[in-house]
1. Restricting to DSSP loop positions (anything but H, G, I, E, B) with no more than 12 other Cβ atoms inside 10 Å of their own Cβ, which chymotrypsin sites (Phe, Trp or Tyr not before Pro) remain in region 106-194?
2. Among all the lysines, which ones have a C-alpha under 21 Å from LYS118's C-alpha, if same-chain residues fewer than 8 places away are not counted?
3. Long-range amide H contacts for TYR205: which residues qualify at under 5 Å (H placed 1.01 Å from N, peptide plane, sequence gap of 5 or more or a different chain)?
4. Pop the C-beta distance of VAL151 and VAL27 into the FRET formula with R0 = 25 Å and round what comes out to the nearest 0.05.
5. Between SER155, SER16, SER172, which gets the highest mean-square fluctuation from a Gaussian network model of the chain, Cα cutoff 10 Å?
6. Could you compute Rg(Cα) / (2.2 N^0.38 Å) for region 127-210, with N its residue count?
7. Which of ALA180, ALA135, ALA30 moves the most in a Gaussian network model of the chain with Cα springs under 10 Å?
8. Order ASP221, ASP171, most accessible first, counting only protein heavy atoms with a 1.4 angstrom probe.
Amino acid sequence: MPENINTKLLIKRILSLLSIGYAGLMVFLASSSLYYDIQITNKVSLIVLEVFLGLLFGGTMLYTRKQILTSICGLFGLIFYLPIVILYYSKENMVILIPLGILSVLVFFFSGAGEGIKTILGTIYLLLYIIFILAFYLYTNVFMGNTVDVVTFQSVSPSQSYRCYVLDITDSSQGTTKVAIEPNDRDIIYSNIKFIEKGYKRVVYNVRKNNLNLIPEWTTDSEYGDVLTINGEVRFRSVDAVNENEAYQYFVPEARKFKFLN
């Protein structure tokens, strides 16, 4: 009998290591939500993967809920879910947000931690969700203004290293037209989902009028690399973006910003 108990305990301790995978997934999605947009490329495949991971993490974490490692990972999963649900919230992304939210809530409430700890953390999380959701709503709808942004044109440079797109922005006034540039080689691509880098977005053209039907033109030059021209004016040269002596080093890591600040 003691041997059986020790064997079960050892199995639970080993299986509790899988909770690190759950924690890693939450940390990855939380950090990526600050810099990337997501695009689902294969919905059926993604749902199959979600079911598999949900059963794997959910089942093992419920079975090993009294292990210290599992309890810690289960208790703090909801804090990482906060930026995920705020920054990835959209109708298209519900297929990701709903299962992930259900899993996070289940492993939190079924955690082997004491009820007192769960009550305190649950209260703190609830307050944080209310505060941050309200703050983000005010930031995007009040301080940033209520606008409708439509991408009317997008293209990739000849070297495939950069991409640009034209934003037609409608607001309460006469609107705005912007042309933005991003690196085209820093996305994270999987078989069923694509993480699109937005932390390096740089606006190279900004006019206080919309519906201009701009068509930016890419050319390539042996001296200047990829060159973007708008209405006959050069707005971007790839040689400048990587030159340490230039003031406009668009795509160095130090220039990366949270996507909601771009």
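The values are calculated or read from the model by the stated rules, or taken from the named source; none is laboratory data. This structure is a prediction, so every number in the text was calculated from the model and none was measured. All Cβ positions, even for glycine, are placed from backbone atoms using ideal geometry, and neighbour counts span all protein chains on display. What goes into the accessible areas is simple: the full protein's heavy atoms, side chains included, and nothing from ligands, DNA or RNA. Shrake-Rupley method; radii C 1.70, N 1.55, O 1.52, S 1.80 Å.
1. Values: sites: PHE108, PHE109, PHE110, TYR125, TYR129, PHE132, PHE136, TYR137, TYR139, PHE143, PHE153, TYR162, TYR165, TYR190; in loops: PHE110, TYR190.
Listed in order of number, the matching sites are TYR190.
2. Within the straight-line cut-off, LYS118 pairs with LYS66.
3. Residues meeting the criterion, in which the H sits 1.01 Å from N, are VAL179.
4. The pair VAL151/VAL27 has a calculated efficiency of 0.25.
5. SER172
6. On the way: Rg = 16.0 Å, N = 84, 2.2 N^0.38 = 11.8 Å.
So the Cα radius of gyration is 1.35 times the expected 2.2 N^0.38 Å.
7. Ranking ALA180, ALA135, ALA30 by mean-square fluctuation puts ALA135 first.
8. ASP221, ASP171
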